[in-house]
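Reviewing the structure listed below.
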Amino acid sequence: MDFATLNLPEPVMQGIRDVGFVAATPIQEATLPLALKGKDVAGQSQTGTGKTAAFLIAAFTRLLRTPERATPGGAAAPRVLVIAPTRELVVQIEADAHQLGRFTPFKIHAVYGGIDYAKQRDTLREGCDVLIGTPGRLIDYLKQHVWGPRRVEVLVVDEADRMFDMGFIADLRFILRRLPAAEQRQSFLFSATLSFRVLELTWEFMNNPTQISITPQQKTAERVEQSLYHVGRDEKFKLLLGLLRREGGDRILIFSNTREEARRLEDRLGRNGWEARALTGDVDQKKRLRILNDFKEGRLPVLVATDVASRGLHIEAVSHVVNWDLPDDAEDYVHRIGRTARAGAGGKAISVVDEASALRIEAIEKFIGQKIPVTWADDDVFVTEIMPTAEERRRYAEERRARLAGRRGPCAASLAGAPSAGGAGGASSTRQSEPPPSAAPRSRAASRLSASDLASRSCESESPPDP
């Protein structure tokens, strides 16, 4: 479907042409005709399908065609409210809104944690037409009467399933209950899955929404070349170094399940000649945006991320996605590898699987409906790791103890009190990758994973996900 057939307002069409859109994606083709008739839409669609443009085009069109309601003075009263679960997704939606809305008169503002609270509040007080934010920051400013919900004409809830996963559902309901009645506004909800709990939201807060589902025949992108390497824990990083050297690539995204491991990978990669940065939930927003911008612009070749980055990020030309750890949730595997092969491009997804991750393979393959091809690395692929100095090991140990001391729960407490293994950076013995100097070298054949060599994950690897 060509956008020209939708009879959109000229400022919206100018924005569409400016970003280079010509034909609508399947989710846009299903959503826009309903939205332009004023219908509520609950859509099931994966990331990278064009759903953000779908609801932004619909929202801008409604605002241009609907006279602005007269409201008394006071707090800022946006006409469009977009709620998303993560800072990264909010930032991306804001960027897309500025691009598509470039030729409209609307003022767009985003609020989220991790940046100057007072400055953000003062900017919001000046008013906006489109407000995009995370639940927590929206509630903060709502309670302070910095903005008010009385004038909202269009509501968008993006990544609704993620709201549940991240524990934001109570905050989301708090906001939705203060909006005008569902009959007095138009609402859009998008989710990777329309589970019963997500559908409950649509029944409670939407006006007889039309459900649409855009499910690809394959859950994983056809242009993603997947491969899986079995390797023992002790040889895992050596294999990673060899694969990075062999594969190359301008933008390589490596996923780890824990913050601690992501930071450790950043250190180890840097020590071995690879410029890398870790993107985790506790990185402050200013640094986070700088890291993402460097990665997008090609100045940073390797980004190590937890699943905080696996949804909502829109980064073109990611050549490789590497699963250092397989995710606990099979659906997250799809979201991870979906960061490559976007917009018709090709890409590679490589999983480096040790004994701690092997038990997750079956669930992932069942979910994606296909076997992941297994590749066995030759000995010459493995690259010897440059080990940290004694001073670096002491520094890592001190930093790790300080981080663990600030965490709650018996798992962190037991780790914080555990002695380091051979002084190796304070890492627990179950996570130590390098054998002590006195240990006899293991052959690679012995270190690679066998069917009977399955071990449970350590306490550290089961730390809670990033907020």
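Here are the numbers:
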item	result
Amide hydrogen neighbours beyond the local backbone of residue 305, cut-off 5 Å, H modeled	254, 255, 256, 279
Sequence ranges 153-165, 17-29, ranked by mean other-Cβ count within 10 angstrom, highest first	153-165, 17-29
Share, in percent, of DSSP beta bridges within segment 3-213 that are antiparallel, nearest 5	0 percent
Dipole in debye (nearest 20) - segment 224-381, about Cα centre, beta carbon charges: Lys, Arg +1; Asp, Glu -1	620 debye
Overall form of segment 224-381 per C-alpha gyration tensor (a/c, 1.5; a/b vs b/c)	rounded
Which listed pairs, of 37/296; 236/287; 296/348; 119/143; 37/107, have C-alpha distances above 26 Å, in listed order	37/296; 236/287
Within straight-line cross-link reach of residue 39, lysines at Cα separation under 19 Å, skipping those fewer than 8 residues along the same chain	51
Cα gyration tensor category, rounded, prolate or oblate, for segment 27-162 with a/c compared to 1.5	oblate
Theoretical gain in end-to-end length, residue 107 to residue 366 [0.36 nm per residue, Cα-Cα removed]	88.7 nm
Within straight-line cross-link reach of residue 366, aspartates and glutamates at Cα separation under 16 Å, skipping those fewer than 8 residues along the same chain	328, 329, 331, 332
Nearest-20 debye value, segment 3-213 charge dipole, Cβ charges on Lys, Arg, Asp, Glu	520 debye
Relative packing of 288-299, 87-98, which averages over residues the other C-beta atoms within 10 Å, highest first	87-98, 288-299
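Each reported figure results from applying straightforward, stated rules to the coordinates on display, with no laboratory input. Computed from a predicted structure; not experimentally measured. Every residue, glycine as well, gets a Cβ built from its backbone with ideal geometry; the counts of neighbours run over all protein chains shown.
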